[in-house]
1. Can you bin the range 54-100 into rounded, prolate or oblate? Criterion: square roots of the alpha carbon gyration tensor eigenvalues sorted a ≥ b ≥ c, rounded for a/c under 1.5, prolate for a/b above b/c, oblate for the rest.
2. When a/c is below 1.5 the answer is rounded, else prolate if a/b is larger than b/c, else oblate, so apply that to the range 223-332 with a ≥ b ≥ c taken from the square roots of the Cα gyration tensor eigenvalues.
3. Quick check: residue separation of ARG227 and SER83 times 0.36 nm, minus the Cα distance between them. What number comes out in nm?
4. Pick out, from ALA65, TYR78, ASN117, the residue whose Cα sits farthest towards the positive end of the charge dipole of the range 50-128, with +1 on the Cβ of Lys and Arg and -1 on the Cβ of Asp and Glu.
5. Go through 321-331, 57-67 and give me the packing order, highest mean Cβ count within 10 Å leading.
6. Which whole-Hz couplings ³J(HN,Hα) result when phi for each residue of the range 123-133 is put into the Karplus expression 6.51 cos²θ - 1.76 cosθ + 1.60, θ = phi - 60°, listed in order with x for Gly and Pro?
7. In vacuum, with every alpha carbon of the range 82-147 counted as one equal point scatterer, what does the Debye formula give for log10 I(q)/I(0) at q = 0.19, 0.20, 0.22, 0.24 Å⁻¹? Two decimals, please.
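Bear in mind these aren't lab numbers, they're just calculated from the coordinates by the rules spelled out. Remember, it's a predicted structure, so these values are computed and weren't measured experimentally. Every residue, glycine as well, gets a Cβ built from its backbone with ideal geometry; the counts of neighbours run over all protein chains shown.
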Amino acid sequence: MSETTPTKRFAMPREIRIIVSIGVLVFVVEYLVVPQFASARSSLHLLTSLNPLVVALAVAFEMGAIYSYVELTRTVLYPYAPSRFNTLRVNLAGLAISHVIPGGTAPAGALSYRIFNELGVPKETNAFGLATQGSGSAVVLNILFWCALVVSIPLRGFNPAYGFAALAGVFLLLTFFGTIFLLTRGQRHADAWLRVIAARIPALDPDRVSSLLDKVAGRIATLINHRRTLWWAFTWAGLNWLLDATCLWVFLWAFGNLVSPIDLLVAYGLANVLAAIPLTPAGLGVVEGVLIPTLVGFGVPQDRAILAVLAYRLVNFWIPIPVGGAAYASLQWRRSRPPTPPAGIEPAPDA
């Protein structure tokens, strides 16, 4: 009898993935970002007139957005949340990774998962909390975007890009709330369904899958039963997006353009919803390529829109990379330090 050879999934070689990612990045920068610079060169003199206090205010709002994300992380890891300082360092390290790797959300999540485990967060709480943090934050962004669209479309008209982003949001919300309903109200049916699937996959143990489902459902029930915790999670997620959007609004103001909060949220929400497509690191080029023409459509002069968006992205995208690198280095130094002996016990002498 001839033995059947198991089929292997096709995996794109790492070098090819790197080449494709760099190619996509170059394409986006070349065709979406660089052409915008030519019309802004004549307005570079406006940089010298920027009020340092206004720039500091924009940076403060961005710092507030990062702090809100720290509090969101600690909320979804309740009741095992690490200290704010440790959570801040983990978030900054993950932010740096997501800003330099296309589709960097996955490796950033893996890094956060590993470090939070080392900080004493149980694995089930850790995995569920980080998944809830990412998906819940995206849900809040889409809700803000939809609310802005409901007000803006009757006043400003409809743009085809709005429909694409709104449909993506519908799919996300249906997936998010459908999963919660399945794991809470339909847990028995989900358990039977997953057991059948796991039994057909040699690498999976149906009992372990069922146990994991019970633990995830238990975490969901914990958050739902603690309404105050759930409320704070959505509040911190909303503040994270709103404070980040306010940073952009302040830079537009600094260059002499006051934009309606509704128009700002439409442009900001559209850019960030489309940036979720993992083509470039953290939507590099996509955010700029969507924000600038959308703001121009709302009446901001193109040269000033470009300068404001580039200044915002400097604070929002580029500065967190070295800061996150330093945060990661401090976490690594913490791991490499020898444990401090208890008081009254002398360390053993070297042999």
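1. Oblate, because a/c is 1.5 or more while a/b does not exceed b/c.
2. Because a/c hits 1.5 or more and a/b fails to exceed b/c, the range 223-332 counts as oblate.
3. Numbers: separation 144, 0.36 × 144 = 51.84 nm, distance 2.23 nm.
Full-extension gain reported as 49.6 nm.
4. The one lying farthest along the dipole's positive direction is ASN117.
5. Values: 321-331: 16.4, 57-67: 17.9.
Listed from highest to lowest mean packing, they are 57-67, 321-331.
6. Ordered by residue, 3J(HN,Hα) equals 4, 5, 4, 4, 5, 5, x, 5, 5, 5, 4 Hz.
7. Those come out to -0.78, -0.84, -0.96, -1.07, one per q.
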